[in-house]
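Engineer: Take this structure first; my questions come after.
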Ligand code: ADP
Ligand code: MG
Ligand code: MG
C-alpha cells in the first residue's frame, strides 16, 4: 500500500530525513517511535505534502501512485487521512460543516452524490456514540475552545466518517487522559480492516497498549534505526531510546 524508499527531506537547508525506508502492507498497523526531534512529524508532513518540506531524494509510492506527484488535496481524496489535518481553530465554521464537506469531497471522488442530510445525521450520530462524544460538538466552531483531548477525539471522529485507506496519526495520544486514550484506541481499533493501514507516530508505548501494532520502528536522526514487532516497544519502555539505540 505504501512504499517509502531512501527518502531524504529537508527544511530550508537543514537535512532532516536521511534515507527512510518503510513498507506498509494492506491491513497493517505500523508504529513509528523515536526521541524528540528525530523527524517523526517531518515524515508525517512529507506524506501529507506539507509545503515547508523539500524532498531531495527517494520515492513514495501509494497504491501504485507516485505520492510526491499528488497535491495534498489529491492525497486526501485518494484515501489518505492525517490526524493533524485540521488542528487549527476555524472561527465561524461549525464542526458539522467540516465533517460533511470532507465526506462529500470523498464521495465526489468516488463518483457518488452528496450524502442526504438525514442519512448524514444518522451516520454522524453513530460515530459520535462510538467516540463517546456529545452531539453539541457538531455545532461548535472547529476546535474552538476544544480541550486537547476533545481535539484528538474529534480527529478520530473525522477518521470514522471518512473511512480512509491509509491513516497517518501523529501523536494522537499526546495530552490524553487514560479514559480518552482508551476511547481513541477503541476508535482506531474499530476501523481496523484488511484493506486499511495505519501509521501511528507516538512517543510512548501508552497508545500501543490499546492498539497493537504489527510492526514497530524506531526513528532517530532521520533514519529508521531499528524495526521489530510489539516487543520492540516493550524493550524501549525498559531501556529508553539511548539504551536501545546503543545495542541496535
Ligand atoms: P519529531 O516529530 O520526531 O519530534 P520533527 O520532525 O518535528 O521531530 O523535527 C525534526 C527536526 O526538524 C527538529 O530538529 C526540528 O527542529 C526540525 N524542524 C521540523 N520542522 C521544521 C520547520 N518547519 N522549520 C525548521 N525546522 C524544523
Ligand atoms: Mg516533536
Ligand atoms: Mg513530532
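Engineer: Using the C-alpha atoms of region 49-174, what convex hull volume per residue, in cubic angstrom, is computed?
Structural biologist: With only Cα atoms used, region 49-174 gives 123 Å³ per residue.
Engineer: Quick one, can you get me the convex hull of the C-alpha atoms of region 165-248 expressed as volume per residue in Å³?
Structural biologist: 99 Å³
Engineer: On to the next question. 7 Å from Cα along Cα→Cβ at both residue 21 and residue 246: what's the point-to-point distance in nm?
Structural biologist: Here the modelled spin labels are 2.7 nm apart.
Engineer: Any chance you could give the angle, 0 to 90 degrees and rounded to 10, that helix 95-109 forms with the longest Cα principal axis of the chain?
Structural biologist: Approximately 80 degrees, to the nearest 10.
Engineer: Can you give me the distance in nm between label points at residue 212 and residue 178, each placed 7 Å from the Cα along the Cα-to-Cβ direction?
Structural biologist: 2.1 nm
Engineer: OK, next. Send over the semi-axes of region 1-104's equivalent ellipsoid, whole angstrom and largest first, taken as the square roots of 5 times the C-alpha gyration tensor eigenvalues.
Structural biologist: Output for region 1-104: semi-axes of 25, 17, 14 Å.
Engineer: Follow-up question, since we're still on this one. Using only Cα atoms, find the angle between the long axis of helix 117-130 and the longest principal axis of the chain, and express it within 0 to 90 degrees, rounded to the nearest 10.
Structural biologist: 50 degrees
Engineer: Compute a Gaussian network model of the chain, connecting alpha carbons closer than 10 Å, and tell me which residue from 150, 119, 163 fluctuates the most.
Structural biologist: In the Gaussian network model the winner is 119.
Engineer: Starting from the exponent 0.38 and prefactor 2.2 Å, build the expected Rg for the chain from its residue count and divide its actual Cα Rg by it.
Structural biologist: 1.01
Engineer: Next question, about the same structure. Report P(r) for region 138-189: all Cα-Cα distances, bin width 5 Å, range 0 to the bin holding the largest distance, values in whole percent.
Structural biologist: P(r) for region 138-189, in whole percents per bin: 4, 20, 32, 23, 17, 3, 0.
Engineer: Can you check what the Kirkwood hydrodynamic radius comes to for region 88-139, Cα pairs only, in Å to one decimal?
Structural biologist: About 11.9 Å, per the Kirkwood formula over Cα pairs.
Engineer: Given region 203-247, report the % of alpha carbon pairs whose separation exceeds 18 Å.
Structural biologist: 20 percent
Engineer: Picking from 33, 133, 110, which is most flexible by a Gaussian network model of the chain using Cα springs under 10 Å?
Structural biologist: Maximum fluctuation in the GNM of the chain, among the listed residues, is at 110.
Engineer: Taking the Cβ-Cβ separation of residue 132 and residue 69 as r and a Förster radius of 41 Å, what is the calculated FRET efficiency to the nearest 0.05?
Structural biologist: Approximately 0.55, to the nearest 0.05.
Engineer: On to the next question. If you take every DSSP beta bridge whose two residues both sit in the chain, what share of them, in percent to the nearest 5, is antiparallel?
Structural biologist: Around 60 percent of the beta bridges assigned by DSSP in the chain are antiparallel ones.
Engineer: Right, next: Under a GNM of the chain (C-alpha, springs under 10 Å), which listed residue has the highest mean-square fluctuation: 196, 77, 107?
Structural biologist: 107
Engineer: Where does helix 230-247 land angle-wise versus the long Cα axis of the chain, in degrees 0 to 90, nearest 10?
Structural biologist: Taking Cα atoms only, the helix is inclined about 40 degrees.
Engineer: I'd like the FRET efficiency for residue 57 and residue 36, computed as 1/(1 + (r/R0)^6) with the beta carbon distance as r and R0 of 25 Å, rounded to 0.05.
Structural biologist: Efficiency at R0 = 25 Å is approximately 0.50.
The numbers here are math on the coordinates, done by the rules we state, and not lab data. Quick caveat: nothing in here was measured; it's all calculated off a predicted structure. We place every Cβ from the backbone using ideal geometry, glycine too, and count neighbours over all the protein chains shown.
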